[in-house]
Amino acid sequence: MKAKLLSALFLVLFSLFAPALALAQKEIVVWHAYRGDEKAAFEKVVAQFNQSHAGIKVSTLAVPYDAFADKITAAVPRGKGPDVFIYAQDRLGGWIAAGNTVEPIDFFLDAPTKGRFLTTTMQAMTYQGNVYGLPLNFKVITLIYNKKLLQTPPRTSAELVATAKKLTDPAAGKFGLAYAYSDFYSHAALMNAFGGGVFDGRKPTLNTPANVKAMETLMKWLGQGFLPAEPSTALITSLFNEGKAAMVFSGPWFLGEVKDGIDYGLAPLPTIAEAGGKPMRPWITVEGVFIAAPSKNKDAAYELVKYLTDTPAGKILALEGRQSPANKGVYGDPQVANDPVLKAFRAQVETAIPMPNLPEMTMVWSPATTAMNKVVKKSATPKEALDFAQKEVLERIAKLRG
């Protein structure tokens, strides 16, 4: 009888306090652009967070990538967006300049948390001395090669040129190397090897001698015939899948397009003799987890941000989502350490440079791409094309700041 009374009392108390407990639970909305295995792995991590954090309920929304940045720009400052969102660092400076979009997290951040990430990935989350997000995953270009056509990947530009020429037969449509060399993002790896770049501080530097030398080196490569003309993404993929391109410079997105049955390997990008033997240094794109400035649950949001970027979550994202986590502790896991793809992209990070996150970066892409096309089509010398691009970028930035 006593047990029945206690049970009844418990039910009465639960019915009274359950609504209050539900109200006390903080709700966090996360926007991301993942699909397929990446989405499944990410949602698995979020489900585990919900199970282990009774006071917080996280829901996710997959936003189409092409519309994502504009949705953040339009919705978040008006308080109509998520509490947390995941995006690459290239738009970070613009969102900070616009205001009420990204919350700085220095207040939350402690030394052990900050120290668990690859250095370059934390640099990508930092703007004018303040940290605005924690790095989740990164993407970087590396050398991908067909093992049937090439057993030992080149380590130097001399080896690259010699190997590529040997594996080229234009009459048969075969090329030793294929990559999007007229795309400025892809070209950055060669540009950075020479010590070139886009900005010195916040001053544009497109037409520096180092950038000119990088373009001149590209034109030497083109003149030796081992690169296909006008290499679109579709052409590069097709050539590799048909065994007509022995090597490709590309990133993890390319691997999803490789045909089943092709035995491929990955290796670091080569060193460049004309740059004093320095390695090609690709831009690293880092997906950060950011707290929306208007969020009313910033403490709970940071708990999620910290959880998503911790080692256990990173292992799931790496092994099931096939992503490259920014948390360096993940690579101590035997499964991750022995995965040739994850291991290769982790190795390439050692020479990578964070893609600029300044607001002015949006002013660079179009003039830089035009310069690349002019040079490749031989309608301008590297110096002429970069001088014009520099002038155009300065004019665009003046309008932006005005």
Gln335 being open to solvent by 40 Å² or more (accessible area, probe 1.4 Å), at pLDDT 95 or above and within 24 Å of Lys39 (Cβ to Cβ):
yes
Scanning the stretch 377-389 for residues that are farther than 9 Å from Met215 by Cβ and either open to solvent by less than 20 Å² (accessible area, probe 1.4 Å) or among the aliphatic types (A, V, I, L, M) (or both) gives Ala380, Ala389
Which one is nearest to Ala352 (Cα to Cα) among residues in the stretch 238-256 that are more than 20 Å from the chain's Cα centre (by Cα) and surrounded by 14 or more Cβ atoms within 10 Å (Cβ to Cβ)?
Met247
Members of the stretch 246-295 that are touching a residue at least 24 places away in the same chain (Cβ under 8 Å) and of a type in the set (D, E, K, R):
Asp263, Glu274, Lys278, Arg281, Glu287
Picking from Thr381, Thr351, Thr311, the residue that is over 26 Å from Lys114 (Cβ atoms) and polar (S, T, N, Q) would be Thr381
Odd one out for Lys383, checked against (1) of a type outside the set (A, V, I, L, M); (2) in contact (Cβ under 8 Å) with a residue 60 or more places away in the chain; (3) out of contact with any Phe, Trp or Tyr (no Cβ under 6 Å at 6 or more places or on another chain); (4) under 30 Å from Ala98 (Cα atoms)
(4)
Residue hits (the stretch 281-309; open to solvent by 60 Å² or more (accessible area, probe 1.4 Å) and among the acidic types (Asp, Glu)) are Asp299, Glu303
Working only within the stretch 147-165, note down all residues that are open to solvent by less than 10 Å² (accessible area, probe 1.4 Å) and in contact with a strand residue (DSSP E or B) (Cβ under 6 Å, 6 or more places away or on another chain).
Ser157, Ala164
Which ones in the stretch 36-70 are farther than 22 Å from Glu320 by Cβ, out of contact with any Lys or Arg (no Cβ under 8 Å at 6 or more places or on another chain) and either open to solvent by less than 70 Å² (accessible area, probe 1.4 Å) or of a type in the set (Ser, Thr, Tyr) (or both)?
Ala67, Phe68
Please work out which residue is farthest from the chain's Cα centre (by Cα), limiting yourself to the stretch 341-375 and to residues that are open to solvent by 40 Å² or more (accessible area, probe 1.4 Å) and more than 26 Å from Met122 (Cβ to Cβ).
Lys374
Complete set of residues in the stretch 71-120 that are open to solvent by 40 Å² or more (accessible area, probe 1.4 Å), assigned to a loop (DSSP other than H, G, I, E, B) and either touching a Cys at 6+ places or on another chain (Cβ under 7 Å) or under 14 Å from Gly288 (Cα atoms) (or both)
Glu103, Pro104
Restricting to the stretch 223-237, and then to whatever is open to solvent by 50 Å² or more (accessible area, probe 1.4 Å) and out of contact with any Leu (no Cβ under 9 Å at 6 or more places or on another chain), can you tell me which residue is modelled with the lowest pLDDT?
Glu230
Condition test on Lys220, is it surrounded by fewer than 16 Cβ atoms within 10 Å (Cβ to Cβ), outside any loop (DSSP other than H, G, I, E, B) and among the basic types (Lys, Arg)?
yes
I want to confirm something. Restricting to the stretch 121-146 and keeping residues that are of a type in the set (A, V, I, L, M), open to solvent by less than 10 Å² (accessible area, probe 1.4 Å) and not in a loop (DSSP other than H, G, I, E, B), which single residue is nearest to Asp263 (Cα to Cα)?
Ile144
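The values are calculated or read from the model by the stated rules, or taken from the named source; none is laboratory data. Note that the coordinates shown come from a computational prediction; the quantities given were computed from them, not determined experimentally. We place every Cβ from the backbone using ideal geometry, glycine too, and count neighbours over all the protein chains shown. Ligands, DNA and RNA are stripped out before the accessible areas are found, and what is left, the full protein with its side chains, is counted by its heavy atoms. Shrake-Rupley method; radii C 1.70, N 1.55, O 1.52, S 1.80 Å.
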